[in-house]
1. With every protein chain kept in place and ligands, DNA and RNA left out, what is the accessible area per residue of the range 19-62? Probe 1.4 Å, answer in Å².
2. Pick from LEU13, LEU54, LEU38: which residue has the top mean-square fluctuation in a GNM of the chain where Cα pairs under 10 Å get a spring?
3. Which of the listed residues, ASN44, ILE26, ASN16, is farthest toward the dipole's positive end in the chain, when Lys, Arg count +1 and Asp, Glu count -1 at the beta-carbon?
4. Counting Lys and Arg as +1 and Asp and Glu as -1, each charge on the Cβ, what is the dipole of the chain about the Cα centre in debye, to the nearest 20?
5. If contacts are Cα pairs under 8 angstrom and at least 6 residues apart, what is the relative contact order of the chain in percent?
6. Using a probe of 1.4 angstrom, how much of the accessible area of the chain is carbon and sulfur, in percent?
7. Among residues other than ILE26 whose Cβ falls under 13 Å from its Cβ, what is the net charge (Lys/Arg +1, Asp/Glu -1)?
8. Rg and Dmax of the chain over Cα atoms: what are they, in angstrom?
Amino acid sequence: MRAMRNGQAKLVLISNNCPAIRKTQIEYMAILGGSKVLHFEGNNVELGTALGRLFGVSAMVITDPGDSDILESV
């Protein structure tokens, strides 16, 4: 939330089973910060696995894409 509020977030990923209230808050903060929002088609366990984590992740923020082209593909 802090990265979105400060305008540091470039892209926000939200899983499909994120609670509706939290999803609304995240989308609102992303709009205020000027970042893009991408709705991940998998649940929070699948998003966590895609990130290499051993726990579920409902939402994540990309602040520095590095050498990837993830921002151009959205």
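The values are calculated or read from the model by the stated rules, or taken from the named source; none is laboratory data. Just so you know, these numbers come straight off a predicted model, no measurement behind them. Cβ atoms come from the backbone with ideal geometry, glycine included; neighbour counts cover every protein chain shown. Just so you know, the surface numbers come from the protein's heavy atoms only, side chains and all, with ligands and any DNA or RNA stripped out. Shrake-Rupley method; radii C 1.70, N 1.55, O 1.52, S 1.80 Å.
1. Details: 3010 Å² over 44 residues.
In whole numbers, the range 19-62 has 68 Å² accessible per residue.
2. LEU54
3. ILE26
4. Details: 7 positive and 7 negative charges, 84 e Å.
The dipole magnitude comes to about 400 debye.
5. Working: 116 pairs, mean separation 28.6, N = 74.
It comes to 39 percent, rounded to a whole number.
6. Working: 2590 of 4980 Å².
C and S atoms contribute 52 percent here.
7. Values: positive: ARG2, ARG5, ARG22, LYS23, LYS36; negative: GLU27.
For residues surrounding ILE26, the net value is +4.
8. Spelled out, the Cα radius of gyration and Dmax of the chain are 11.8, 34 Å.
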